[in-house]
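Asker: Below you will find the structure I want to go over with you.
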Amino acid sequence: MRTIPDDRRRLARVIALAVDALQIAILPLLFPGSPWNHAIDVVTGGVMVWLLGWHIAFLPTFLTELVPFVDLFPTWTVAVLYVTRRKKSPPAPDGSKGVIP
């Protein structure tokens, strides 16, 4: 698993939050049923793959965004938080917790 730099991690999270806020709160009021939603999803998907690399979580997110009314859930935010979560590093094979004496 490759590590994601903190600046890319933060930028991806900010973009995901902004896109979901735009698609959930603003676009339905200004342009109901607008094809702009799909264009924004294509661009967002490309930006996320560029920032974070390909991850399988982006595929269901992108497909879910194409379904009317289901796209009113913050799927980009959830996917990016899932991809950018920090996992504990695996223990060293000798059980020393990775500490170098």
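Asker: Determine ³J(HN,Hα), in whole Hz, for all residues of segment 10-19 in sequence, where each value follows from phi through the Karplus function 6.51 cos²θ - 1.76 cosθ + 1.60 and θ = phi - 60°; x replaces Gly and Pro.
Answerer: Once θ is set to phi - 60°, the couplings for segment 10-19 become 5, 4, 4, 5, 5, 5, 4, 4, 5, 5 Hz.
Asker: Output ³J(HN,Hα) for segment 39-50: one whole-Hz value per residue in order, computed from phi by the Karplus curve 6.51 cos²θ - 1.76 cosθ + 1.60 with θ = phi - 60°, and x for Gly and Pro.
Answerer: Karplus-based 3J(HN,Hα) across segment 39-50 equals 5, 5, 5, 5, 5, 4, x, x, 5, 5, 5, 5 Hz.
Asker: Give me the percent relative contact order of segment 1-93, please, defined on Cα pairs under 8 angstrom at least 6 residues apart.
Answerer: After rounding, I find 40 percent.
Asker: Something else now. When ranked by the protection proxy of mean other Cβ atoms within 10 Å per residue, highest first, what sequence do the peptides 79-85, 32-38 form?
Answerer: Packing order, densest peptide first, comes out as 79-85, 32-38.
Rule-based calculations on the coordinates, nothing more; no lab input. Quantities reported herein were computed from a predicted structural model and do not represent experimental measurements. A quick note on method: Cβ atoms are made from the backbone with ideal geometry, for glycine too, and the neighbour counts reach across all protein chains shown.
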